[in-house]
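This report refers to the structure that appears directly beneath it.
The values are calculated or read from the model by the stated rules, or taken from the named source; none is laboratory data. This structure is a prediction, so every number in the text was calculated from the model and none was measured. Note that each Cβ is placed from the backbone with ideal geometry, even for glycine, and that neighbours are counted across all protein chains shown. Accessible surface areas use protein heavy atoms only, side chains included; no ligands, DNA or RNA. Shrake-Rupley method; radii C 1.70, N 1.55, O 1.52, S 1.80 Å.
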Amino acid sequence: MILNRWYLWALKLPFEVRLMRSVIIFIGLTLVAAWSAQAEFPERAIKIIVPYPPGGTTDLLARAIAPRLAERLHQPVLIDNRAGAGGVIGSKMVSKSTPDGYTLLFGTIATHGILPVLLKPAPYDALKEFTPITLVASTPNVLVTNPASPIRNVADLLALARKKPGTIDFGSTSLGGSPHMSGELLKSMAKIDLLHIPYKGGGPMLIDLMGGQVQLGFDNLPSSINHIRSGKIRALAITTAKRWPGAPEIPTFAESGVPGYEASAWFGLLAPPGTPPSIVDQLQRHVAAILALPEVEKAFFEQGAEPSGNTPAEFEALIGRELQKWTKVAAATGVKLE
């Protein structure tokens, strides 16, 4: 009886008032539903796409944070290696995924700083088609060779390359990755001719290097450092402007006959475009807290990586700067990818 009276009273209200009441109720219910959905994140396992094979630096760093992130979120965090096209396949997969925080990308300087510049047409917009979460780590690259190689330092390499141009090859972790571009930068600055052999990740490249199938290799320091320390491969030079404190015995290119040479790599967590800010912020806070743990800082540092954990805005700004930088390098070196 009371409901009937309320209904009849409501019908007597002006149409505009009834419409406004309906809109307010709809908005309120929508906000409550959205808040409830986000407040419950995560309700199931989270998948981190690594766009390279197992064994490389990207894979190693992703697996270093995944179990700790699972502990903090109380849900499994799974690593899914989706290699191909230098990291493009896995990256595009994430860019087209549902923006709910359950599919993330462990991106790199290659996927978000270099390939969008070198590939024509660009495979995706590195900023508009992704939501940056946080920079996980940055690392030097390193030039390595087989211990049996007659090339024992950068001076040997430069002399041999100038004596026999085009006869020395170098492998890298991918086509268009920072190790590849480190080699292209060396060719340009030292004015030497080297043959580039791209691999689908650091692991396969190192196997061939140790087996003698490739003469030199540019790699991220974390995936090579243990092999260097065990004597399975020999480090010739590191790509940063200063020696890495965790491996001070490795000289820089700048002090080895290529003044002004400098390059490095970075790795970060990204989500599909449109991922709710509350989910992005939650993931960023957890990853930053993990990277600040003393044992994690020590482990990263010993492996040649410097942990970060910056904000989404800071990570987005870094990607923007890298795109500008490598646009200039590509123009100066003439490197093009089909």
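For the chain, what is the mean residue ellipticity at 222 nm derived from helices alone (per DSSP H run of n ≥ 4: -39500 (n - 2.57); sum divided by total residues; nearest 500 deg cm²/dmol)?
Only helices count here, giving -14500 deg cm²/dmol.
In a shell of Cβ-Cβ distance under 15 Å around GLY202, excluding GLY202 itself, what net charge do Lys and Arg (+1) and Asp and Glu (-1) give?
Once all neighbours under 15 Å are counted, the net charge is 0.
Setting aside same-chain residues fewer than 8 positions from LYS325, which aspartates and glutamates have a Cα under 15 Å from its Cα?
Cross-link targets: GLU184, GLU262, GLU316.
For the chain, give the percent of accessible area contributed by carbon and sulfur heavy atoms, probe 1.4 Å, rounded to a whole number.
Carbon and sulfur together cover 60 percent of it.
Only Lys, Arg, Asp and Glu count, each charged at its Cβ (+1, +1, -1, -1), so figure out the dipole size of the range 271-320 about its Cα centre, rounded to 20 debye.
So the dipole magnitude of the range 271-320 works out to roughly 120 debye.
Using the basic label-point model (7 angstrom from Cα toward the beta carbon), what is the LYS163 to GLU302 distance in nanometres?
Distance between label points: 4.1 nm.
Do any of LYS92/LYS328; LYS47/LYS298; LYS200/LYS328; LYS92/LYS191 go past 28 Å between their Cα atoms, and which?
LYS92/LYS191
Answer with one residue from LEU236, ALA70, LEU194: the one whose Cα lies farthest towards the positive end of the charge dipole of the chain, charges on Cβ with Lys, Arg +1 and Asp, Glu -1.
Result: LEU194, furthest along the dipole toward the positive end.
Once the dipole of the chain is set up with Lys and Arg at +1 and Asp and Glu at -1 on Cβ about the Cα centre, which of PRO132, SER224, PRO248 lies farthest towards its positive end?
Working it through, the farthest residue towards the positive pole turns out to be PRO132.
Looking at the chain only, what percent of DSSP beta bridges run antiparallel? Nearest 5 please.
If I count the DSSP bridges inside the chain, around 60 percent turn out antiparallel.
Set Lys and Arg Cβ to +1 and Asp and Glu Cβ to -1, take the dipole of the chain about its Cα centre, and tell me which of LEU119, LEU158, PRO294 lies farthest positive.
So the residue furthest toward the plus end is LEU119.
Please work out whether the range 44-113 counts as rounded, prolate or oblate from its C-alpha gyration tensor, where a ≥ b ≥ c are the square roots of the eigenvalues and a/c under 1.5 means rounded, while otherwise a/b larger than b/c means prolate and anything else oblate?
oblate
Probe 1.4 Å, all protein chains in place: accessible area of ILE279 in Å², nearest 10?
For ILE279, solvent-accessible area is about 10 Å².
Counting other Cβ atoms within 10 Å, keep those with at most 12, restrict to DSSP loop, and tell me which GluC sites (Glu not before Pro) in the range 198-293 are left.
Of the GluC sites (Glu not before Pro), the ones in loops of the range 198-293 whose Cβ has at most 12 other Cβ atoms within 10 Å are GLU249.
Tell me the relative contact order for the chain as a rounded percent, counting alpha carbon contacts under 8 Å between residues six or more apart.
So the answer I get is 24 percent.
In degrees from 0 to 90, rounded to the nearest 10, what is the angle of the helix 57-73 Cα long axis to the longest principal axis of the chain?
Roughly 30 degrees between the two axes.
Under a Cβ-Cβ cut-off of 12 Å, what is the net charge of the residues other than ALA148 that fall near it, where Lys and Arg count +1 and Asp and Glu count -1?
+3
Where nothing but the Cβ of Lys and Arg (+1) and of Asp and Glu (-1) is charged, how large is the charge dipole of the range 231-338 around its Cα centre, in debye to the nearest 20?
In total the dipole reaches around 300 debye.
Determine the distance separating the Cα centre of the range 263-333 from the Cα centre of the range 151-215; give it in Å without decimals.
Cα centres, the range 263-333 to the range 151-215: 27 Å.
Which whole-number value in Å² is the accessible area per residue of the chain, probe 1.4 Å?
On a per-residue basis, 47 Å².
About the Cα centre of the chain, how large is the charge dipole given +1 on each Lys and Arg Cβ and -1 on each Asp and Glu Cβ? Please answer in debye to the nearest 20.
Using only the charged Cβ atoms, the result is roughly 440 debye.
Just add up the charged neighbours of ARG229: K/R +1, D/E -1, any other residue whose Cβ is under 13 Å from the Cβ of ARG229.
0
Could you grab the relative contact order for the range 207-338? Cα pairs under 8 Å, six or more apart, rounded to a whole percent.
19
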